[in-house]
Structure formats: C-alpha cells, structure tokens
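What follows is a single structure, written as structure tokens, with notes after it.
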C-alpha cells in the first residue's frame, strides 16, 4: 500500500518522545524518490489520458497517486518539523552546546538550523530593554537569594560574578546565590538541596 | 532609596495618555501581573505591552544600582534583591510565553500582523518580537526549501502554506471587571445561548467568546 | 500554571507582623513598607513576612481567619451547603501553607489549624470533582465558579478545560451532509489547494 | 515550560498522521488502471470496479469527496450499530484502546461516511460517559494499570496531563519548598546514558 514508508518514519519519531532518534536519511531519501517517481508517472499518464479526449480511467490512477504523494510530502514535512521542535526545546534545556551523542543524531541541515536558532534567540534577548535580558534563567518564581547545592560531577573551576573562584568537585556542597547556579542546576551539574 | 518617578513618563506619554494619567510603580506592577497571567492562559498571542515591560525593566535596573550601594550588613538588602528577582521572573516568564506562541504559530501570526498593518492597526508583536518572528520564519523557510528541493515541482507544499493556528475555541477561566450582558457562549453558533456575567464573577467559558473583552481589559483570565 | 506560580501570586497578600527591629521605610517598587518600630504591628507582603520570620526579625500575627474557632465554623458551613462557601481569602491555601510552615509558633493551635484547613480543602476538592464530572457529562460549555479560589480553579487544570476543548471540537467537526454534493468536480480542482502536478492539458476535465 | 494546549490536529501533527493511517473498508467505485498492486490478493494490473478492500483513511479522504468518487467507503465495524449499543450500555467497561488506538479521532473522520448520522452522537456520548473514570484515575493517583490500558490516545493524553498536574499539586501541598530542577531532557539524557553504559558492561 502507498504511504507505508512515510508511516514508518512518523512512527519512529512518535515512539521516541523527547529522545531524538538518529536522522533517518535512508528512509527520507526513499520517500523523496517515491514522490519523484509518482510525479513522473502522473505526468506521463496525464499525457496519455488526453489522447482520445474522453474521460479516461487513467484519471483515477492519477488521483490515487496524487493523494499518495501528498501523503508522502506530509510525512516528510511533519518528520522534519517535529525534529526541529525537539531541537528547539533542546536549545532551552541544554543551552547552545549540545552533548556530542545528541549532536551525532542530527543531520548537517539540522545542525545549521540549530545554530541559526541559537543566534536568533540570542539576538532577541540582547534587544530587550537597555541591556538585554537572559530568558534562559529565572524559570521558576524565586523563593530565596541563596540556595544549597550539591555538585553532581567534577566540574572544575567556576567563577562567581564577584570574582570568587570555586573548585567544583563531585559531591561537594555549596551555598551559592540562586541566580548564579540556576543554569548549572538545569544542566545537571548541581542538585538543589531543599 | 527613592525611586525615580521619571521612569513613568514613558507610560504617561504613550498614545493613550488618558488611560495613564497618574500611575505609580505599584500600579504598573499590577498591570504587569494581569498581563502575564492573561498571556499565560490565552491560546493566542495578545497585543504586546512593551511599555509596561520597559517600565518594569527600568525599575529593576535603577533598583539594582541602589542595592549595590547598600551595605551587606543591611538586612533589607535581601528584601530589595528578592523583589527585583521576583519581578525579573515575571517579566521573563511573560516574554518566554510569547516567544513560544510566536514559534508555534509563526506563519499565522505574521499573516495577521500584515493584515493589521494594512488596516492601519497597531501590531500585536513588539518591534523586537516582530524581528524575531521574521528571522525564525525565514530560517524555517530556508530549511524546508532545502528538504523539499528534490522535486522542484512541489511548489505549493511549502512550509509557509501549512499554517498552524492557535485553538481559540479553548476553554479558559476568567474574572469579570464589569457587568457583561448577552454574551454568546458559542460564537460558532448563531443560536447560541446568551449569558450575563456580573462584575467580579468568575466563570469557565470558551476563549473565542471573550477574546475582545480580554484584549480591551474588561475581563482577566485567571 | 504550576502551584509555585500561584504561590507567587498569593505571596503579595498583606500580613501583619510585629517586628523586633527599628527601621525607617523600605521603598519597594511595589510600595513603601514601614516605618518599623520594634513591637509595633506593621503590614507587609506575605513574602516579606516569611523572609523576616526566617531571619527571626519578627513575629507573625495570623490573619483573622486563621484560628480554630473560625475555621471550625467554616468547615461546618462547607459541610452543610451543597455549593461552595466563600473563602476568607482568595489565597487561603498559600497563606496557610507558608505561615504554618515558617511560623507555627506564632499561630495558636497550629497543628489543629492545619488539620481543619486540610479537611476543608479535601471537602472542596471532592465537591469540585463531582461538579466537573457533571459539567462534562452534560457537555455544558459554560459554568460559574464564583466561590472557587485560584488554587482550587487551578486544581482542575488542565483536565476540565481540555476535556471541554475536545468535546467542543468533536461537536463542531463537520457533520455529514444529507447528500454529498461536493462542489469539487475533480481532483484537478484541488490543484490550487494542494500538490500541483501541473496537468495543464487537462484543465478542462 | 511548553504551552499547555489540548490536542488540536494540524498538518504537522504526528498524532493526526497516525490516526489517518487507520484502514477503512471500501468498495472500488470505478476501475483504477495500474493500481492492481494495491490489492495483495489479486494479480490484475488494474484495480477492478467492485473490488472490496481496505484503504488507509488519508487516501479515502483524498478520493471520495468528489462528484464521481473512486472509492465508496463503509463505516469501520467498531462504529456500527452493534458496537454503538455496547458503548451505550456501559462505555466505561469497554477497552477503547483495543477497539482502536485513535477511537475519537478516527470516529470524527469516519462519521461523514455514516448516512444516518448516529456516529457523531455516539462518540460524544462515549467521551462524556467515560470522563468520570478518567478524572478519578487522574485524581486518586490510584494506578490501576487495567483501567489505564483501556484508554484511547486522546483520553491517555488528557489523563497524563491531568496526572502530572495532580502530582505537582500534591508535592506543593506536602513539601515546604520547591526545588529548582534539572531540565527534563537533561535528566532523560543522563538516564539513557546510564542505560547505554550498562548495556556495554
């Protein structure tokens, strides 16, 4: 039946929730070829269907193929669109630098889109107010100025905005200004201890 | 630590100056809160309130200067700082919500903006948001052109022809600031039941019925 | 909205405190506080009250309604009526939670107060659940929720609005027409709206 | 932080693509040349008029709207009267998930194939009757996997969103302070990494 490949592509993506599976260029190419083929076949049949001038049954064939290629196109577009949506969320959750194993699953066009999105976003944030505003922090209503955090990884040196230098070792505990560690908590470097 | 009231001139000088004759920072804050909550719950993007955001950002900025000058021994420093952080949260949350709507419905929003400009109405997006929307839309366009360029004849299935619209027939909770009479509860139906809502009353209703009332400030989403 | 965002909205409720310090006005953006004189009551936003209390710089004067007697009466009233009683504060849960958490020593019979508030909340939650069920069962696309506080309203989000969204959508998806007299005469008509296969020779079909 | 919106199908929606993949029994109304391969039980080159077979909904939607339909669709049996009667008797007892993953969405599409127009009301009534079960499931945080498994995709999304909100509210009610958390994707990424490492060991 027509549309099986597109269906498989979509199913693969739908199953994976917020985990982006490797870009399936093989299936994408196969579907693209199917679309091109359907287009060519339809063009040929369209010419043949007019030779005798009567309402050729070939028009039925053309309609079926037309529907099938529309479906294929929709699957392709939806596949790519939803992957970008996921990439977009990743920009907000991981920051502008993605973990290498996630990067490995992206196509080169996706990587390019990601860095463009990053740029667009940064430009926007810079343009707000007089000095710009970082929208990637202050995600939750603040309750206190200082919070206690535990370091989950050997992070190394970390400089606070007042110039204090900290050495962040795995399992070390720190009492820090909330505003300075929110991003590291989001990125999984710190754990907020209540 | 006196606040600089001249910050408020922007608001007072803005086009609808009659609405904002004398407005205190506390009142701007109230406006910001309403604006934030409305934006959170409205399915579509609402007209921007850049003037309110700008005043809050200025207030934050001048307050931060003042805070720097306070001694670390002054326990009120924490209170000042926490208020600033709370305001910053509200502003960023508001702007983030709008960005998400812009990204989700970018083609639809840009088309609507174009119509507004044609009709001589003001844009819903702020200048900065409009630029963001255009950049975002262009990058989507470029990306999809690349993906679909294997077949040059597929001219009509482009990114910008497949519009995602917000569902304005979403249900929302609202609180009325005035008495509203004869409000249809289903605007898609010409024979819709009509309801009266008393001032101060809270109801759940289809957003499309109260879209205009939200925009002109007669009701607040809650 | 997340509960901590509603807490954020509730934190601006005004609370009376008895400061243990002397201080001139605090000029917040949201308005001036003070002046503070040790042992003279003063009004501050809830978030300032909890901050000062944690620093042991004040005693909290509980809101009028936060006492066993009042709450018992309220609970009884809630039990008697099939509807919803009007609550003493739109943010009663936020106020109760924050104050009972940071200042149990300032609230007489704090444990008992906590239990009664929880009882009232539970009673209202169960009423809300049955009203919501009824609303969806009847497909009512409108309802007044006058005496519900914003935390209570939020407790049925997203399930109630989303259920109504879906019902509304199902109701409005085009219904079958008696005869399928579609004006689409051939697939070529769909050319404008969809994939174009440029069958220029067949335009007249 | 995503916008809290209910399911509304659009061109890009994976859910809608999956729902429109469902098969619809049809009778071929006019011979379709060269399409015999669509019918696996026939070796004909052409797909003959009168053939009865199933087509995916998306294709049916494409070709049955015109004045001269190529396919005449029938209602899938789960929307026919005998099933409607079962749903009417006790909708909560029915395993919708087994009936069809996309019971409501598919129903909303195929109701136009129902000349008598009974499907429209039937799916609405089914949703309304089953809602009580859904809200109890989400609120009591009882995890009855049996009931959960009987939900269709639309109900499942409603349940999941409601359940998540309920958990957040319970945490708020029971704990003194909310903590700042790592981003969802970051947490899941770490979990997956752990799984992968374990696989290697």
Determine whether residue A:101 is loosely packed, with under 15 Cβ neighbours inside 10 Å and within 10 Å of chain D (Cβ to nearest Cβ).
yes
Quick check on this structure: which one of B:139, B:209 is within 9 Å of chain C (Cβ to nearest Cβ), in a helix (DSSP H, G or I) and surrounded by 15 or more Cβ atoms within 10 Å (Cβ to Cβ)?
B:209
Select, from C:56, C:12, the only residue that is free of Cβ contacts under 8 Å to residues at least 60 places away in the same chain, within 14 Å of chain A (Cβ to nearest Cβ) and assigned to a loop (DSSP other than H, G, I, E, B).
C:12
With the structure loaded, tell me whether residue D:182 is over 21 Å from the mean Cα position of the chain (by Cα), buried (at least 17 other Cβ atoms within 10 Å of the Cβ) and part of a loop (DSSP other than H, G, I, E, B) or whether it fails that test.
yes
Take the residues in segment A:134-181 that are in contact (Cβ under 8 Å) with a residue 24 or more places away in the chain and out of contact with any strand residue (DSSP E or B) (no Cβ under 9 Å at 6 or more places or on another chain), then tell me which one is nearest to residue C:50 (Cα to Cα).
A:144
Could you please let me know if residue B:178 is out of contact with any strand residue (DSSP E or B) (no Cβ under 8 Å at 6 or more places or on another chain) and either under 19 Å from residue B:35 (Cα atoms) or within 9 Å of chain C (Cβ to nearest Cβ) (or both)?
yes
Report yes if some residue within segment A:55-64 is in a helix (DSSP H, G or I) and either within 23 Å of residue A:107 (Cα to Cα) or touching a residue at least 40 places away in the same chain (Cβ under 8 Å) (or both); otherwise report no.
yes
Give just the number: which of (1) surrounded by fewer than 18 Cβ atoms within 10 Å (Cβ to Cβ); (2) within 22 Å of the chain's Cα centre (by Cα) does residue B:203 not satisfy?
(1)
Sort out which residues of segment A:71-97 are more than 7 Å from chain D (Cβ to nearest Cβ) and more than 11 Å from the chain's Cα centre (by Cα), and write them in order of number.
A:72, A:73, A:76, A:95, A:96, A:97
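Each row is one residue, and each column tells you yes or no for (1) modelled with pLDDT of 95 or more; (2) not in a helix (DSSP H, G or I).
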| site | (1), (2) |
| --- | --- |
| D:16 | yes, no |
| D:24 | yes, yes |
| D:44 | no, yes |
| D:49 | no, yes |
| D:67 | no, yes |
| D:83 | yes, no |
| D:87 | yes, no |
Quick check on residue C:89: is it in contact with a helix residue (DSSP H, G or I) (Cβ under 9 Å, 6 or more places away or on another chain), closer than 30 Å to residue C:130 by Cα and at pLDDT below 95?
no
Is it the case, given these coordinates, that residue D:168 is out of contact with any helix residue (DSSP H, G or I) (no Cβ under 7 Å at 6 or more places or on another chain), within 14 Å of chain A (Cβ to nearest Cβ), closer than 24 Å to residue C:127 by Cβ and at pLDDT 90 or above?
no
I'm trying to understand the selection: among the residues of segment A:108-150, which are surrounded by fewer than 20 Cβ atoms within 10 Å (Cβ to Cβ), touching a helix residue (DSSP H, G or I) at 6+ places or on another chain (Cβ under 9 Å) and part of a strand (DSSP E or B)?
A:146
Answer residue from segment B:212-222, given it is part of a loop (DSSP other than H, G, I, E, B) and out of contact with any strand residue (DSSP E or B) (no Cβ under 6 Å at 6 or more places or on another chain) and is farthest from the other protein chains (Cβ to nearest Cβ) among those
B:216
Quick test for you: out of C:110, C:49, pick the one residue that is in contact with a helix residue (DSSP H, G or I) (Cβ under 7 Å, 6 or more places away or on another chain) and under 27 Å from residue A:142 (Cα atoms).
C:110
Selected residue (criterion: surrounded by the fewest Cβ atoms within 10 Å (Cβ to Cβ)) from residues of segment D:32-60 that are closer than 13 Å to residue A:65 by Cα and under 27 Å from the mean Cα position of the chain (by Cα):
D:38
Among the residues of segment D:1-24, which ones are away from chain C (no Cβ under 14 Å) and surrounded by fewer than 17 Cβ atoms within 10 Å (Cβ to Cβ)?
D:23
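The values are calculated or read from the model by the stated rules, or taken from the named source; none is laboratory data. These numbers come from a predicted model, not from an experiment. Don't worry about glycine lacking a Cβ; one is built from the backbone with ideal geometry, like all the others, and counts go over all protein chains shown.
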